[in-house]
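Have a look at the structure below before the remarks.
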Number of protein chains: 2
Amino acid sequence: MKLTNKGRYAVMAMADLASNAKGGPISLTEISLRQNISLAYLEQIFLKLKNNKLVRSSRGANGGYVLEKPASEIKLSNIIYAVDEEVKTLNCKKNSKRGCNNKSTKCITHNLWDQLDQHIIGFFEKVKLQDLAKLG
Amino acid sequence: MKLTNKGRYAVMAMADLASNAKGGPISLTEISLRQNISLAYLEQIFLKLKNNKLVRSSRGANGGYVLEKPASEIKLSNIIYAVDEEVKTLNCKKNSKRGCNNKSTKCITHNLWDQLDQHIIGFFEKVKLQDLAKLG
DNA sequence: AAGAATTCCTACTATTTTAGTAGGGATTAA
DNA sequence: TTAATCCCTACTAAAATAGTAGGAATTCTT
């Protein structure tokens, strides 16, 4: 799992969407102003959120986005995965030549990172979008 | 806290050092061969490990490194901090213009990342170098 | 004394990732 | 018909990471 600004922006924007729900859709322009994130960047992020069925869009004037599900049913892990895609903190297989190659020189720490992954994932699985109100 | 290959290499090398202890110091050449990490890169890493009092060095032929403390007393957090230096998963203050600036538009998710930090740090605080034998 | 093995230290470079910009097209409400 | 909005792709700039290079200092062995 990657933890980047993009993921943070996504969570911020979703939290914004959840807290400012007013019946109709909310435009990215609004979110952009409130959260101080560039509109074009938000568009990219929401494309992915939409593809991952976390938000629903309506186009045209007065268009915007609404949450696809209640905030109580959206896990933070869903959001992070949606925009950052990768699953592992550190991918041992990527650098097959150096370091851990899962073969002869077995990566001593392989299982360790697996455990850490589970730890972080567990954290994001537990927290729901709704909980952010309490935190913020 | 940053989680990079460098940190992983550091943990691997320290684990190697712990498991191959033989009384005298162990050279980076050995570790380099066993763990398949470039010697020059290891040198950089061990410089930091040494500055952080995790290993002790002896120079010259037959020189090398030994653990400064028993493996049971070295926490993984010590190792990661030593080489990767930074403490926070995502630094909100860095990008002061966009996103979270801790001011007017308060970062909704600020506390969230703090919690995550504590979570990850807690994990690395719990695990000792000695424990890696069980994991690997 | 010489040579080899090693740590020590700094600077550089290439690659990858992240962050963000740009521009135009499609759709819809007023 | 116009303005507001989503939709989509491509590009670029900046930062971080990973790794290389080269040489100096130290110590053991012969």
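Each row is one residue, and each column tells you yes or no for (1) within 10 Å of the chain's Cα centre (by Cα); (2) among the hydroxyl-bearing types (S, T, Y).
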{"position": "A:K2", "(1), (2)": "yes, no"}
{"position": "A:K6", "(1), (2)": "yes, no"}
{"position": "A:A10", "(1), (2)": "yes, no"}
{"position": "A:A15", "(1), (2)": "no, no"}
{"position": "A:S19", "(1), (2)": "no, yes"}
{"position": "A:S27", "(1), (2)": "no, yes"}
{"position": "A:I31", "(1), (2)": "no, no"}
{"position": "A:L39", "(1), (2)": "no, no"}
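Anything in the stretch A:33-71 that is open to solvent by less than 30 Å² (accessible area, probe 1.4 Å), more than 10 Å from DNA strand C (Cβ to nearest atom) and within 14 Å of chain B (Cβ to nearest Cβ)? List them, or say none. Even if it seems obvious, please write down each step before you answer.
Step one: of the stretch A:33-71, the residues open to solvent by less than 30 Å² (accessible area, probe 1.4 Å) are A:35, A:37, A:42, A:45-46, A:49, A:54-55, A:63-64, A:71.
Among the residues that remain, those that are also more than 10 Å from DNA strand C (Cβ to nearest atom) are: A:35, A:46, A:49, A:54-55, A:64, A:71.
Result: A:Q35, A:A71.
Scanning the stretch B:20-31 for residues that are in a helix (DSSP H, G or I) and facing chain A (nearest Cβ under 10 Å) turns up nothing.
None of A:A61, A:A15 is part of a loop (DSSP other than H, G, I, E, B) and aliphatic (A, V, I, L, M) except A:A61. Residues in the stretch B:8-52 that are among the acidic types (D, E) and over 24 Å from B:S72 (Cβ atoms): B:E43 only. Residue count for the stretch A:15-32, restricted to those that are at pLDDT below 95 and open to solvent by 70 Å² or more (accessible area, probe 1.4 Å): 4. Selection of the stretch B:58-69 for residues being more than 10 Å from DNA strand D (Cβ to nearest atom) and either out of contact with any Leu (no Cβ under 9 Å at 6 or more places or on another chain) or of a type in the set (D, E) (or both) yields only B:E68.
The values are calculated or read from the model by the stated rules, or taken from the named source; none is laboratory data. Remember, it's a predicted structure, so these values are computed and weren't measured experimentally. Virtual Cβ from ideal backbone geometry, glycine too; neighbours counted across all protein chains shown. When the accessible area is computed, the model is the full protein with side chains, heavy atoms only, and any ligands, DNA or RNA have been set aside. Shrake-Rupley method; radii C 1.70, N 1.55, O 1.52, S 1.80 Å.
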